[in-house]
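The structure under discussion appears below in the form of structure tokens.
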Amino acid sequence: MATPVKIKLNGLDMVVDAVPLELEVFEPFGDVVANPRPDLHPVIAAKANDTAGMPFDAIVANQGTAIKYQHVSRMENLYDQAPSGRTGVAVSNMFVCASRALPRRLEAGVEREIFPVTVLERHPFTSQTFVPLRADSQSRYLVVVAPSLSPSAKDQQLPVPSSRPAGTIANRELPGRGLPDLKGLRAFIATTDQAVTYGAGTWHSPMVALGPADKAIDFFVFQFANEVAVEDCQEVFFGPTIVTVRLPPRSIASKL
């Protein structure tokens, strides 16, 4: 993928607490993909022959051996609006993400890990989906996102789509051209039972795997790209801003 464009952004110092990743809370930024009914075995659902009222218009599939939850995440390719005119094509990659060595802070006798957010990025013309491949119940990863400010002179050189094609089904509005609104920054702790899709144009941190230093999480990553740097990826670096994500106390974090 082409080298992303980079912008330096000054702003306020702030601390944000990370909370468990949930579909409804994350909806303004993208989709959370997870089995909505882990308690329901597909064969039992097939025998009952009744999926009415189940999430995502579920149907029985594969000769009664599977439940198909439909449109759990909607992929977006908006490169037809890219100024270069270059077509966006489907791209699939694997990211092997080492666990970050996070600094620790002692607060009221409780040790907490913190993650300094120094950069946010976005892919203005495409959604981006991360699917963890390791079935390790102890592995976690950190999802950091932010809404966009109103457009300004600082971002006037950044191309973004103006709208979606008529008839497009979407769960959220396009975030627009603006730089990240740090006051609205959110942080979530995801499990490896959850995949995450960042909506087109959503500001987010590069992937942050959590856990022991000798561990890593494998992700299958799907998006679209056209190899034009400013259209594929835009980055904002903070300085001298200090934005810190505070993880739950270690005893609590191990249970999330």
(request) Take the alpha carbon gyration tensor of region 40-153, find the square roots of its eigenvalues, order them as a ≥ b ≥ c, and report rounded if a/c is under 1.5; if not, report prolate when a/b exceeds b/c, else oblate. (result) oblate
(request) Could you grab the relative contact order for region 1-155? Cα pairs under 8 Å, six or more apart, rounded to a whole percent. (result) 14 percent
(message) Tell me the label only: which of (1) 59, 55, 24; (2) 60, 55, 29; (3) 58, 46, 43 is Cα extents along the principal axes in Å as calculated from this structure?
(response) (2)
(request) Using only alpha carbons, build the gyration tensor for region 113-160 and give me the equivalent ellipsoid semi-axes, biggest first, whole Å. (result) 30, 16, 7
(request) With springs connecting C-alpha atoms under 10 Å apart, model the chain as a Gaussian network and identify which of 168, 244, 87 has the largest mean-square fluctuation. (result) 168
(request) In nm, give the distance between the simple-model label positions of residue 24 and residue 169, each being 7 Å from the Cα along the Cα-to-Cβ direction. (result) 2.1 nm
(request) With springs only between Cα atoms under 10 Å apart, run a GNM on the chain and tell me which of 72, 230, 33 wobbles the most. (result) 72
(message) As a test question: what accessible area, to the nearest 10 Å², does residue 215 have when a 1.4 Å probe is rolled over all protein chains in place?
(response) 110 Å²
(message) Can you tell me which of 239, 64, 178 moves the most in a GNM of the chain? Springs connect C-alpha atoms under 10 Å apart.
(response) 64
(message) Accessible area per residue for the chain in Å², computed with a 1.4 Å probe and the full protein assembly in place, what is it?
(response) 51 Å²
(request) Would you compute, from DSSP H runs of 4+ residues alone, the mean residue ellipticity of the chain at 222 nm, taking -39500 (n - 2.57) per run and dividing by the full residue count, rounded to the nearest 500? (result) -1500 deg cm²/dmol
(request) Express as a percent, rounded to the nearest 5, the fraction of DSSP beta bridges in the chain (both residues included) that run antiparallel. (result) 80 percent
(request) Can you pull the one-decimal nm distance between simple spin-label points at residue 80 and residue 61, each 7 Å off the Cα toward Cβ? (result) 2.5 nm
(request) Sum up the charges of everything whose Cβ sits under 10 Å from the Cβ of residue 178, counting Lys and Arg as +1 and Asp and Glu as -1, but leave residue 178 out. (result) 0
(message) I need the shape label for region 11-85. Rule: rounded when a/c is under 1.5, else prolate if a/b > b/c, else oblate, with a, b, c from the alpha carbon gyration tensor.
(response) oblate
(message) Within the chain, what whole-number % of the accessible surface is contributed by carbon and sulfur, with the 1.4 Å probe and all protein chains included in the calculation?
(response) 53 percent
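The values are calculated or read from the model by the stated rules, or taken from the named source; none is laboratory data. Fair warning: this is a prediction, and the values are worked out from it, not measured in the lab. A quick note on method: Cβ atoms are made from the backbone with ideal geometry, for glycine too, and the neighbour counts reach across all protein chains shown. Each accessible area value is taken on the protein alone, full model and side chains, heavy atoms only, with ligands, DNA and RNA left out. Shrake-Rupley method; radii C 1.70, N 1.55, O 1.52, S 1.80 Å.
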